[in-house]
Amino acid sequence: MKAYAFMAAALCAAIPTLANAHASLETGKAGANAIYKAVLRVPHGCDGAATRTVRIAIPEGVIAVKPMPKAGWQLTTVKGDYAKTYDYYGTPTSSGVKKVVWSGGNLPDEFYDEFVFRGHITDFPAGHVLAFPAVQECDAGRVAWVEVPAAGQDPHSLAHPAPIVTIAAAAESGHHGHAHAGHAQGPIEVGHAWARASAGPVKTGAAYLTVTNAGSHADRLLAVSSSAARRVELHTNLTEDGVMKMRPLEALDVPAGESVTLAPGGHHIMMMGLAKPLVEGESFPLTLTFEHAGTVEVDVSIGAAGAMDAGKEHKHN
Ligand SMILES: [Cu+2]
């Protein structure tokens, strides 16, 4: 009896690490009246069995959902009517994707993968929690991440919590308009802003991000500035005679309804004359000026020196 109790205690001690292995959304905070890019992280299979199907349900109030296809997986959606009609940038919208299913894949238990979709979060108050119940179906068995904490209940006490997103207050949602009144309702959304930590006492760095234009008019990113560097420029990488070179980019087109991603090896935001080296875990502000949407401020998260490294050495004079 005593030995059993001891084992149970040892098992409990192991739970904090297991808790990190829940299926969850990469970005746990989102702004109301804004585009949200959901990255569902699937950290393991079902008791050792490989995952074959991943399903996620879209809560009411998250509209215009578009999932990202994934190599090796069949992508299907279940559409239906919303509980009410939403105003989506001037278009009354009363139905759309309510479930996304990636099936026919093979994600072994020892591997990790991500499943991506984007949607528009409608008008919710700060602090509101949106649950996205998700199910993994495996060769043998399934795991249902569908538990939602009751009022006052600690979400950490749940064995299989549903992935959640908490609506952020306007000031902490990571972006807000300045010159352009009512920017929060605007169609331009800047997300996943990141940079690599400086590898040494260098004066240059690069920042990357994704710009999504949910509107029906094309826009252009014209300028970038930051208090973290003396000069900030839009750059692109191109290969000339087999040599990769960087060139300043006059402007970055963001077509209506599309996303443009700045990433290592391609377009990037060049930071010259860094005030101080970029330190992992810290962040810095970046101001983007768009032709139509005006200015958008984002916080750039600094990852490890090799974070998400595409393997391309970034040289600049
Ligand atoms: Cu550059």
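Here the condition is being outside any strand (DSSP E or B) and either open to solvent by less than 70 Å² (accessible area, probe 1.4 Å) or under 27 Å from Ala34 (Cβ atoms) (or both); of Gly200, Gly205, Gly273, it holds for Gly200 alone. Taking the conditions (1) part of a loop (DSSP other than H, G, I, E, B); (2) open to solvent by 30 Å² or more (accessible area, probe 1.4 Å) in turn, Gly105 satisfies each one other than (2). All of (1) more than 11 Å from the ligand (Cβ to nearest atom); (2) under 12 Å from Gly205 (Cβ atoms) hold for Gly242 with one exception: (2).
When the criteria are applied in full, Lys66 fails the requirement of being charged (D, E, K, R) and over 21 Å from Ala30 (Cα atoms).
Checking Ala57, Ala64, Ala134 one by one, the residue that is surrounded by 20 or more Cβ atoms within 10 Å (Cβ to Cβ) and either over 23 Å from the mean Cα position of the chain (by Cα) or among the small types (Gly, Ala, Ser) (or both) is Ala134 and no other. Considering region 24-54, the residues that are assigned to a strand (DSSP E or B) and open to solvent by 60 Å² or more (accessible area, probe 1.4 Å) include one that is nearest to Val165 (Cα to Cα), namely Lys29. Selection within region 278-291: residues that are surrounded by 17 or more Cβ atoms within 10 Å (Cβ to Cβ) and more than 16 Å from the ligand (Cβ to nearest atom). The member of this set that is nearest to Gly191 (Cα to Cα) is Leu288. Does Gly119 satisfy the criteria of being on the phi > 0 side of the Ramachandran plot and at pLDDT below 95? The answer is no for Gly119. When Ala251, Ala275 are checked against the criterion of being among the small types (Gly, Ala, Ser) and either away from the ligand (no atom under 16 Å from the Cβ) or not assigned by TED's automatic domain parsing to the domain that holds His192 (or both), Ala275 stands alone in meeting it.
The residues listed here are Arg247, Arg231, Arg220; of these, the one that is assigned to a strand (DSSP E or B), at pLDDT 90 or above, over 30 Å from Ile121 (Cα atoms) and open to solvent by 10 Å² or more (accessible area, probe 1.4 Å) is Arg231.
The values are calculated or read from the model by the stated rules, or taken from the named source; none is laboratory data. Predicted model, so just to flag it, every value in this text is computed and none were measured. Neighbour counts run over all protein chains shown; Cβ positions are idealised from the backbone, glycine included. Heads up: the accessible areas ignore ligands, DNA and RNA and are worked out on the full protein's heavy atoms, side chains in. Shrake-Rupley method; radii C 1.70, N 1.55, O 1.52, S 1.80 Å.
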